[in-house]
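Scroll down for the structure; my scribbles are underneath it.
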Amino acid sequence: MSVDRTLTATADSKLPNPARAGLADKLYRLDGGHSLANDESVWTPGENVGRSIAFSSTCWLIQRGNQLLLWDTGVPESALNDPEGWSTLPKLIVYHLDKTLTDQLAEIGVKPTDIAYVAISHTHDHIGNMGLFQNSTVLIQRAEYEWIRSPDGPNDNVNQLKALARKLMGTPRHLRLLDGDTDVFGDGSVTLISTPGHTPGSQSLLVHLKNYGFIILSGDVVHLEENFEKDAVPSLNTDKASSIASMERVRRMISTCNAKFFINHDKAEIDKLKLIPAFYD
Ligand SMILES: [Zn+2]
């Protein structure tokens, strides 16, 4: 297959020019659930063996003009108030849900069917409610979509996550497979940033707001602020070198865009942020 190099240019060519990027209007945080894992060392190799850790699961809604984009769909709504919870890897982690996405969206008068785009950072525990958004166009990296359908590898946990991902993803009615960075609205207001490593098609999201400036939503490029500081790569990640390169890429973007960085699963940090119906603008 030949690749037209004039179209690929440099790796960062699809990133917005910070001085000229368009603006999204509002960014809302939604509570997508929370979880308790029994061994933090899976995420911090060599440290915290056997120590339990709580994570947040976070979804975000972006409004730009009259269009809405949801970033990730969280823990399945069927887990609501279920004391047994829901799990991706039952021996390691259990998720709980206190509020549904549907109810949280209703707080600002939005129905799931109103959402034009559902962008997915990656599969795993981030796609629990795809069935609610059959009207939406699903934006996912082609590498991720193909990976969950690829033959199993040596890591049983990863194989288990892929099987679950196939079930949760189903076959979206409106699917757009992406090849790398993608400027969703064509004006630099919302840009999906390729950050592979945790999974082959992981992505992060860069949003530009009038008052808060640039904000990067992590996806799972890191799970904890501490990992970002130490270049620590969880053992579940599919590619360690790519994981480190993606963290470095995000660091460069934070610097270039003077961006804030919101880490999806870092519960201590996430709990301090505004929650729907409050918003960043
Ligand atoms: Zn995750």
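The values are calculated or read from the model by the stated rules, or taken from the named source; none is laboratory data. Note that the coordinates shown come from a computational prediction; the quantities given were computed from them, not determined experimentally. Cβ placement follows ideal geometry from the backbone for every residue including glycine, while neighbour counts extend to all protein chains displayed. Just the protein is used for accessible areas: all its heavy atoms, side chains included, with ligands, DNA and RNA removed. Shrake-Rupley method; radii C 1.70, N 1.55, O 1.52, S 1.80 Å.
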(1) touching a Pro at 6+ places or on another chain (Cβ under 9 Å); (2) more than 18 Å from H265 (Cβ to Cβ); (3) of a type in the set (S, T, N, Q): which one isn't true of N66, the others all being true? (1)
Among the residues of the stretch 65-87, write down those that are under 27 Å from Y280 (Cβ atoms) and either open to solvent by less than 40 Å² (accessible area, probe 1.4 Å) or under 19 Å from the mean Cα position of the chain (by Cα) (or both). L68, L69, L70, W71, D72, T73, G74, V75, P76, E77
Name the pairs: first residue in the stretch 194-213 and over 22 Å from L61 (Cβ atoms), second residue within 14 Å of the ligand (Cβ to nearest atom) and open to solvent by 10 Å² or more (accessible area, probe 1.4 Å), Cβ to Cβ under 6 Å, at least 6 apart or on different chains? G197/N237; H198/N237; T199/T238; P200/T238
What's the total number of residues in the stretch 183-209 that are part of a strand (DSSP E or B) and surrounded by 19 or more Cβ atoms within 10 Å (Cβ to Cβ)? 12
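Kindly evaluate N227 against the criterion of being over 16 Å from the mean Cα position of the chain (by Cα), in contact (Cβ under 8 Å) with a residue 12 or more places away in the chain and open to solvent by 30 Å² or more (accessible area, probe 1.4 Å). Give the derivation first.
Numbers: over 16 Å from the mean Cα position of the chain (by Cα): yes; in contact (Cβ under 8 Å) with a residue 12 or more places away in the chain: yes; open to solvent by 30 Å² or more (accessible area, probe 1.4 Å): no.
Against the criterion (over 16 Å from the mean Cα position of the chain (by Cα), in contact (Cβ under 8 Å) with a residue 12 or more places away in the chain and open to solvent by 30 Å² or more (accessible area, probe 1.4 Å)), N227 does not qualify.
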Selected residue (criterion: nearest to H122 (Cα to Cα)) from residues of the stretch 188-238 that are in contact with a Ser or Thr (Cβ under 9 Å, 6 or more places away or on another chain) and charged (D, E, K, R): D220
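Count, please, the residues in the stretch 18-76 that happen to be in a strand (DSSP E or B) and touching a Gly at 6+ places or on another chain (Cβ under 6 Å). If you could, list the steps in order and put the result at the bottom.
We begin by selecting, within the stretch 18-76, every residue in a strand (DSSP E or B); these are 24, 26-37, 53-64, 67-71, 74.
Applying the additional criterion that residues be touching a Gly at 6+ places or on another chain (Cβ under 6 Å) yields 32-33, 57-59, 74.
Of the residues in that region, 6 qualify.
Within the stretch 118-135, is even one residue part of a strand (DSSP E or B) and closer than 19 Å to V190 by Cα? Quick ask: steps written out before the conclusion?
Our first condition is that a residue be part of a strand (DSSP E or B); within the stretch 118-135, this holds for 118-119, 127.
From the residues that got through so far, the ones that are closer than 19 Å to V190 by Cα too are 118-119.
Yes, the stretch 118-135 contains at least one residue that is part of a strand (DSSP E or B) and closer than 19 Å to V190 by Cα.
In the stretch 30-58, how many are within 18 Å of W71 (Cα to Cα) and either open to solvent by less than 20 Å² (accessible area, probe 1.4 Å) or modelled with pLDDT under 95 (or both)? Spell out the reasoning first.
To start, the set of residues in the stretch 30-58 that are within 18 Å of W71 (Cα to Cα) comprises 30-34, 55-58.
Remaining after also requiring either open to solvent by less than 20 Å² (accessible area, probe 1.4 Å) or modelled with pLDDT under 95 (or both): 30, 32-33, 55-58.
Result for the stretch 30-58: 7.
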Exactly one condition in (1) out of contact with any strand residue (DSSP E or B) (no Cβ under 9 Å at 6 or more places or on another chain); (2) under 25 Å from S56 (Cβ atoms); (3) open to solvent by less than 50 Å² (accessible area, probe 1.4 Å); (4) modelled with pLDDT of 95 or more is false for L161; which is it? (4)
Per the filter on the stretch 164-182, residues in a loop (DSSP other than H, G, I, E, B), surrounded by 14 or more Cβ atoms within 10 Å (Cβ to Cβ) and in contact with a Lys or Arg (Cβ under 6 Å, 6 or more places away or on another chain) are D181
Of the residues in the stretch 239-278, those that are acidic (D, E) and over 15 Å from the mean Cα position of the chain (by Cα) come to D239, E248, E269, D271
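Return the total of residues in the stretch 230-268 being among the small types (G, A, S), in a helix (DSSP H, G or I) and open to solvent by 10 Å² or more (accessible area, probe 1.4 Å).
Count: 5.
Conditions (1) more than 16 Å from the ligand (Cβ to nearest atom); (2) among the hydroxyl-bearing types (S, T, Y), marked per residue:
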{"position": "I93", "(1), (2)": "no, no"}
{"position": "L97", "(1), (2)": "no, no"}
{"position": "A106", "(1), (2)": "yes, no"}
{"position": "V110", "(1), (2)": "yes, no"}
{"position": "Y117", "(1), (2)": "yes, yes"}
{"position": "H126", "(1), (2)": "no, no"}
{"position": "N129", "(1), (2)": "no, no"}
{"position": "L132", "(1), (2)": "yes, no"}
Flagged in the stretch 147-163 as in a helix (DSSP H, G or I) and out of contact with any Asp or Glu (no Cβ under 9 Å at 6 or more places or on another chain), in numbering order, are W147, D156, N157, Q160
